[in-house]
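Asker: One structure follows; several queries about it will come next.
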Amino acid sequence: MTTFMQFLIVCPLVFLAGFVDSIAGGGGLISLPAYMLAGFPVHFAIGTNKLSSAMGTILTTYRFAKKGFIKLNHAIFTIIFALLGSSIGAKLALLTDDRIFKILMLFILPITAFYVFKTKDLEGGGDAYSVKKTILISIPISFFVGMYDGFYGPGTGTFLILLLTGVAKMSLNSSAGITKAINLTTNLTALTIFFLNGKVLIPLGLVAGLFSILGNYLGTKVFITNGSKSVRPIILIVLALFYIKIISEVF
């Protein structure tokens, strides 16, 4: 049974997560901890987070596609491999014990935070590769990050943007568009698996999803107007609170 207080904790943070995610990725670093701070078990937190995140990501993906940021000939390959990776990751997650998840988070969160906050501008450097080479590099990135997103999730958008700009040499706008297409794919794939296993709190997920849509809408306007801006301090505060909570529960 979901309480009113849990709605009050989750919904504003999911709005913030949607805003942050549409600008620079990493919204899951806020939204998943929000569900766990509200007291939900790990698998229900991940499953319900997939629902609310997918609702927000649908809007952002549509708006990015409308702006021409998503090239279909490139996106289709990354989507297929992200779907495969996400389904594998979600199935692994369901086989993982709640306590093991929390212990893994004690290691994953600091690594994720370090990688995100030590990175400077999310702009690709150097000369762009050919379309074929860019696609070939993007495929394994999509598969393994998709697997991570299905298994756990937070930081997926940021990882994708960083890898697609830094390794595949894509522009920020193109990498942001591809990232949203991949994010939507992995969210829906993982959501389906968690839903079929009864790990989604539908009423909370739908209400939080509306907040996610609003956050994504406002964040996308900021991104399209101003490009990527720093949102690291906001994520860091939530990460710190989440990390303290995990430590208290594990030890």
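Asker: Considering only protein heavy atoms and a probe of 1.4 Å, how much of the accessible area of the chain is carbon and sulfur, as a whole percent?
Answerer: Looking at the chain in its full context, I get 72 percent from C and S.
Asker: Please compute the net charge surrounding Thr192, taking Lys and Arg as +1 and Asp and Glu as -1 over other residues with Cβ under 15 Å from its Cβ. Mind dumping the intermediate values first?
Answerer: On the way: positive: Lys50, Lys91, Lys199; negative: Asp149.
Within the 15 Å Cβ shell, the charges total +2.
Asker: Right, something else. Beyond 17 Å, how much of the Cα-Cα pair distribution for segment 32-106 remains, as a whole percent? Before the final figure, lay out the partial values.
Answerer: Details: 1651 of 2775 pairs.
Value for segment 32-106 (Cα pairs over 17 Å): 59 percent.
Asker: Ok, one more. Please compute one quarter of the surface area of the Cα convex hull for the chain and express it in square nanometres.
Answerer: Details: hull surface 47.8 nm².
Here the figure is 12.0 nm², rounded to one decimal.
Asker: Excluding ligands and nucleic acids, what accessible area in Å² is computed for Asp98 using a 1.4 Å probe, to the nearest 10?
Answerer: Surface open to solvent at Asp98 totals about 40 Å².
Asker: In addition: Taking a 1.4 Å probe, which of Tyr243, Tyr217 shows the most accessible area, and what order do the others take after it? Before the final figure, lay out the partial values.
Answerer: Values: Tyr243 70, Tyr217 95 Å².
Result of the area sort, largest leading: Tyr217, Tyr243.
Asker: Please compute the per residue accessible area over segment 47-205 with all protein chains in place, 1.4 Å probe, rounded to a whole number of Å². Let's see the in-between values first.
Answerer: Details: 7080 Å² over 159 residues.
Roughly 45 Å² per residue, with all protein chains present.
Asker: Ok, one more. Is there a pair in Lys71/Lys180; Lys50/Lys91; Lys66/Lys199; Lys91/Lys245; Lys67/Lys221 whose C-alpha atoms are over 22 Å apart, and which pairs would that be? Show your work: numbers first, answer last.
Answerer: On the way: Lys71/Lys180 12 Å; Lys50/Lys91 14 Å; Lys66/Lys199 33 Å; Lys91/Lys245 26 Å; Lys67/Lys221 11 Å.
Checking Cα-Cα distances, Lys66/Lys199; Lys91/Lys245 exceed 22 Å.
Asker: May I pose another question? What translational D, rounded to a whole number of µm²/s, comes out for segment 128-215 from Stokes-Einstein when the hydrodynamic radius is the Kirkwood one over Cα pairs, at 37 °C and 0.692 mPa s? Before the final figure, lay out each step's value.
Answerer: On the way: Rh = 14.1 Å.
Here the translational diffusion coefficient equals 232 µm²/s.
Asker: Once you place label points 7 Å from the Cα toward the Cβ at Ala240 and Asp97, how far apart are they in nm?
Answerer: Those two pseudo-labels are separated by 3.3 nm.
Asker: Let me ask something else. Divide by every residue of the chain the summed helix terms, -39500 (n - 2.57) for each DSSP H run of at least 4, and state the resulting mean residue ellipticity at 222 nm, rounded to the nearest 500 deg cm²/dmol.
Answerer: Using -39500 (n - 2.57) per qualifying helix, the result is -27500 deg cm²/dmol.
Asker: I've got another one for you. Once you've got the GNM for the chain with C-alpha springs shorter than 10 Å, pick whichever of Thr96, Thr158, Thr189 has the biggest mean-square fluctuation.
Answerer: Thr96
Asker: 7 Å from Cα along Cα→Cβ at both Phe77 and Leu104: what's the point-to-point distance in nm?
Answerer: 2.9 nm
The values are calculated or read from the model by the stated rules, or taken from the named source; none is laboratory data. If you're wondering where the values come from, they're calculated on a predicted model, not measured in any experiment. Please note: Cβ atoms are built from the backbone with ideal geometry, for glycine as well, and neighbour counts cover all protein chains shown. Heavy atoms of the whole protein, side chains included, go into the accessibility calculation; ligands, DNA and RNA do not. Shrake-Rupley method; radii C 1.70, N 1.55, O 1.52, S 1.80 Å.
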